[in-house]
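The block underneath contains the structure these notes are about, expressed in structure tokens.
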Amino acid sequence: MSKNEQNKIVDLKNISKSFFLKGGLEIPVLHNVDLVVYDGDMLAILGPSGSGKSTLMNIIGGLDVSSGGEYFFEGKSVNDMTSDELAELRSSDISFIFQSFHLLSGKTVYQNVMLPLLYQRTFKGDHNEYVKNALKQSSLEEEQWHKYPNQLSGGQRQRVAIARALVAKPRLLLADEPTGNLDSKTGDNIIDALTHLNKEYGTTIVIVTHDESLTEIVRRVITIADGHIKETKNSHI
Amino acid sequence: MKYLFLIKESLQSLRHNILRSLLTVIGIVVGIISVTTMLGLGAGLSDNITDRFSAFATGDLSISGDLKYTDLEWINDRPYVSATLAEKSVAGTTVIVYSSEFSPSITSVVGDYAEIQKYELLDGEVFDTQSPNFSDKVLVISQDFQEAVSEETGQKPTLGHKILVDGQQYEIVGIIDIETAGFNSGDGSILIPYQTTIGTLSGTDTFSSISILLEDSSYFEVAGVDILSGLNASRNLSSDSTDSFSAQTAQSIIETIQETANIISIFLGVIGGIALFVGGIGTMNMMLTSVTERTKEIGLRKAVGARDRDILLQILIESVFITTFGGVVGIIITVIGSYFANQFLLSSSSSISIIISWNVILTAFCVSMFIGVIFGIYPSRNASKLQPVDALRSD
């Protein structure tokens, strides 16, 4: 096995995805997508609305399954995984940052961040230590830890979502339009935080976006249109 | 740890929607009150009926049919018979005490009343009517009759006092406390020797049943066959005929009564169960609404690693907690309520009470949990089967 093979986290081969409407009408969304994500990588999947980039992210994250092709996560076939095994994958190895944050309103910042650890079957560490580390990595002040999401600004909420994504120390972090609901200054701060995570801790990050300005801060840019990968280019970074 | 976490999540979720949770609990509370009260009432009714009818189920063996005094004498002569008692209700007779008219339940008795019948002697004695020539104009009154007369006239009839029964004077020789099966008019009971009623109070000289006490109660089967055979022979019937006479043990009579009482209890329980069923439907409705409202949350939980069974258990725990909490509150209200209801029933001289036994409490508790599981399965299964990507995308 080559070094590159060893460093592959995500390996998509000929992935396709179709949705079926009532009456059996097929809507193809992805066509024969090949994509490799390496350990420590930071790449952006760029494309307009409806191009299939979010569907691709959902398949990479194990939230959805492909209609055809093969998907290997660290060499293991994701296609063959059961529902429980996919849950385990999301619990231990992959985490998400969503455009609309998806924080639980009835829980404090601290409780929101702890949630992924509580679903882990094999977690042996100290929950509180992990949560505090994640909150610190996301630059959330201690005075905000016991606030509820509705007491925070948009930027702070996204930092909570980042802390929640980091808490279980995932192999891969998927961010779907992470700055989509934020003003440009706050959005820049969030991107800085993600870049810092990648550089400082080596966290592998895939950002799904239609914001072309983000291509400046990632190592690779995958452009997707109409369900096809049109272009892959390496950034100057 | 895992289950504790899921329990905490469930409770937090219920607290988040406290008003809706409490409204759902009320449905279960009403259902459990209904079931436990009905079961308690059924138990009280069953006890009451059994107690009252047990008073009739006297002796070891009871022979029913168109029986005559000579039959009683013949049965009495059987070697395995220790004592006999025949009772006959005398209807349409007025009793006058202290110039006031009463309508007690009058029973004409012959045989060893003291040996076979269940009663408490309060004063005097119960006459021995074993002798066919017994013709003393005496009677025994019940405490209820004594009290009825006392309430009406202000005077209490005691031993030696003479009262008029159908125009003839009878002397009180005994006062007893006796169970009456609840068929009297409220004026208590009077016992009169059968021999003194022939040709006066009683229109016929037959009995509908004879109670028999055996030398050894285990003889009941052989004794029953022998007596029926003899009675049939005296009427020129085949020895195994069951057309005219039948034999029953006291135990079998009580068992039949208890079976009937149990059916009444079950019927009452089912009526109460309808309210609980409606409460269960309310719980399911609430859980379905809750799952629909929390679709995004469920999607998020799945996205961060929750398995199908984690979601299923969390929703199921919520449902079971609601119904069990409702069950406990319902049981507490029923226990307190039945205490006060029984105080009221006691003060109003009712002999029926609501009996909330540990069995009823345990049954109600288990049923409330079971309702939570049954009516929680569908919503929790729906929630657990949600695809994370669809759930996150939902509005």
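If you go through region A:90-114 and keep only what is within 13 Å of the chain's Cα centre (by Cα) and free of Cβ contacts under 8 Å to residues at least 40 places away in the same chain, you end up with just A:90.
Every listed requirement among (1) among the hydroxyl-bearing types (Ser, Thr, Tyr); (2) surrounded by fewer than 20 Cβ atoms within 10 Å (Cβ to Cβ); (3) over 30 Å from residue B:213 (Cβ atoms) is met by residue B:50 save one, (3).
When you look at residue A:189, is it more than 23 Å from residue A:87 (Cα to Cα) and not in a helix (DSSP H, G or I), yes or no? Criteria not met by residue A:189. When restricted to residues that are crowded, with 19+ Cβ neighbours inside 10 Å, more than 7 Å from chain B (Cβ to nearest Cβ) and over 17 Å from residue A:64 (Cα atoms), region A:93-103 contains 2.
Every residue, every condition in (1) in contact (Cβ under 8 Å) with a residue 24 or more places away in the chain; (2) more than 14 Å from chain A (Cβ to nearest Cβ), yes or no:
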position: B:318; (1), (2): yes, no
position: B:323; (1), (2): yes, yes
position: B:329; (1), (2): yes, yes
position: B:337; (1), (2): yes, yes
position: B:340; (1), (2): no, yes
position: B:379; (1), (2): yes, yes
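Regarding region A:154-174, can at least one residue be identified that is assigned to a loop (DSSP other than H, G, I, E, B) and either of a type in the set (Asp, Glu) or over 14 Å from the mean Cα position of the chain (by Cα) (or both)? No, because not a single residue in region A:154-174 is assigned to a loop (DSSP other than H, G, I, E, B) and either of a type in the set (Asp, Glu) or over 14 Å from the mean Cα position of the chain (by Cα) (or both). Before we move on, is residue B:9 surrounded by 20 or more Cβ atoms within 10 Å (Cβ to Cβ), charged (D, E, K, R) and within 30 Å of residue B:195 (Cβ to Cβ)? Taking the combined requirement at face value, the residue does not satisfy it.
Within region A:126-141, not a single residue is in contact with a Ser or Thr (Cβ under 7 Å, 6 or more places away or on another chain) and farther than 25 Å from residue A:187 by Cβ.
Results for (1) over 50 Å from the mean Cα position of the chain (by Cα); (2) surrounded by 16 or more Cβ atoms within 10 Å (Cβ to Cβ); (3) within 14 Å of chain A (Cβ to nearest Cβ), shown as yes or no for each residue.
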| position | (1), (2), (3) |
| --- | --- |
| B:274 | no, no, no |
| B:284 | no, yes, no |
| B:287 | no, yes, no |
| B:295 | yes, yes, yes |
| B:310 | no, yes, yes |
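Of the conditions (1) surrounded by fewer than 18 Cβ atoms within 10 Å (Cβ to Cβ); (2) touching a strand residue (DSSP E or B) at 6+ places or on another chain (Cβ under 6 Å); (3) farther than 30 Å from residue B:63 by Cβ, residue B:246 fails just one. Which one is it? Unmet for residue B:246, out of (1) surrounded by fewer than 18 Cβ atoms within 10 Å (Cβ to Cβ); (2) touching a strand residue (DSSP E or B) at 6+ places or on another chain (Cβ under 6 Å); (3) farther than 30 Å from residue B:63 by Cβ: (3). Kindly indicate whether residue A:125 is modelled with pLDDT under 95, surrounded by 15 or more Cβ atoms within 10 Å (Cβ to Cβ) and more than 15 Å from residue A:111 (Cα to Cα). Criteria not met by residue A:125.
Looking only at region A:166-180, count every residue that is more than 14 Å from chain B (Cβ to nearest Cβ) and crowded, with 20+ Cβ neighbours inside 10 Å and tell me the total. Show your work before the answer.
Of region A:166-180, the ones more than 14 Å from chain B (Cβ to nearest Cβ) are A:178-180.
If we keep only those that are crowded, with 20+ Cβ neighbours inside 10 Å as well, we get A:178-179.
Summing the residues that are more than 14 Å from chain B (Cβ to nearest Cβ) and crowded, with 20+ Cβ neighbours inside 10 Å in region A:166-180 gives 2.
Taking the options A:67, A:138, name whichever one is more than 10 Å from every other protein chain (Cβ to nearest Cβ), free of Cβ contacts under 8 Å to residues at least 60 places away in the same chain and buried (at least 21 other Cβ atoms within 10 Å of the Cβ). Explain how you work it out, then say what you get.
On the way: A:67 fails: buried (at least 21 other Cβ atoms within 10 Å of the Cβ).
Step by step, each of A:67, A:138 is checked, and only A:138 is more than 10 Å from every other protein chain (Cβ to nearest Cβ), free of Cβ contacts under 8 Å to residues at least 60 places away in the same chain and buried (at least 21 other Cβ atoms within 10 Å of the Cβ).
Of the residues A:179, A:195, which single one is hydroxyl-bearing (Ser, Thr, Tyr) and assigned to a helix (DSSP H, G or I)? Full working, then the answer.
Values: A:179 fails: assigned to a helix (DSSP H, G or I).
Only one candidate qualifies: A:195.
Within region A:178-193, being more than 12 Å from residue A:154 (Cβ to Cβ) and in contact (Cβ under 8 Å) with a residue 40 or more places away in the chain holds for one residue alone: A:193.
May I ask you to list the residues in region A:26-53 that are out of contact with any Lys or Arg (no Cβ under 9 Å at 6 or more places or on another chain) and within 15 Å of residue A:97 (Cβ to Cβ)? The one that is out of contact with any Lys or Arg (no Cβ under 9 Å at 6 or more places or on another chain) and within 15 Å of residue A:97 (Cβ to Cβ): A:53. When B:152, B:87 are checked against the criterion of being surrounded by fewer than 22 Cβ atoms within 10 Å (Cβ to Cβ) and either under 17 Å from residue B:197 (Cβ atoms) or not assigned by TED's automatic domain parsing to the domain that holds residue B:244 (or both), B:87 stands alone in meeting it. Here residue B:267 does not fit the description of being over 25 Å from residue B:51 (Cα atoms), out of contact with any strand residue (DSSP E or B) (no Cβ under 7 Å at 6 or more places or on another chain) and of a type in the set (Phe, Trp, Tyr). From the list B:64, B:82, which one is surrounded by fewer than 17 Cβ atoms within 10 Å (Cβ to Cβ) and not hydrophobic (A, V, I, L, M, F, W, C)? Selected residue: B:64, the only one of B:64, B:82 that is surrounded by fewer than 17 Cβ atoms within 10 Å (Cβ to Cβ) and not hydrophobic (A, V, I, L, M, F, W, C). Every test in (1) within 13 Å of another protein chain (Cβ to nearest Cβ); (2) within 23 Å of residue A:15 (Cα to Cα) is passed by residue A:106 save one, and that test is (2).
For every residue, the table says whether it meets (1) farther than 21 Å from residue B:298 by Cα; (2) more than 14 Å from chain B (Cβ to nearest Cβ); (3) surrounded by fewer than 22 Cβ atoms within 10 Å (Cβ to Cβ); (4) not small (Gly, Ala, Ser).
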site	(1), (2), (3), (4)
A:112	no, no, no, yes
A:129	yes, yes, yes, yes
A:161	no, no, no, no
A:164	no, no, no, yes
A:182	yes, yes, yes, yes
A:192	yes, yes, yes, yes
A:199	yes, yes, yes, yes
A:202	yes, yes, yes, no
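Residue B:261: small (Gly, Ala, Ser) and within 14 Å of chain A (Cβ to nearest Cβ), yes or no? So residue B:261 fails the test.
Considering region A:85-122, and only residues there that are under 26 Å from residue A:44 (Cα atoms) and of a type in the set (A, V, I, L, M), the residue that is modelled with the lowest pLDDT turns out to be A:97.
The values are calculated or read from the model by the stated rules, or taken from the named source; none is laboratory data. In this text, all values refer to a predicted model and were calculated from it rather than measured experimentally. Methodologically, a virtual Cβ is constructed for each residue, glycine included, from the backbone with ideal geometry; neighbour enumeration extends over all protein chains shown.
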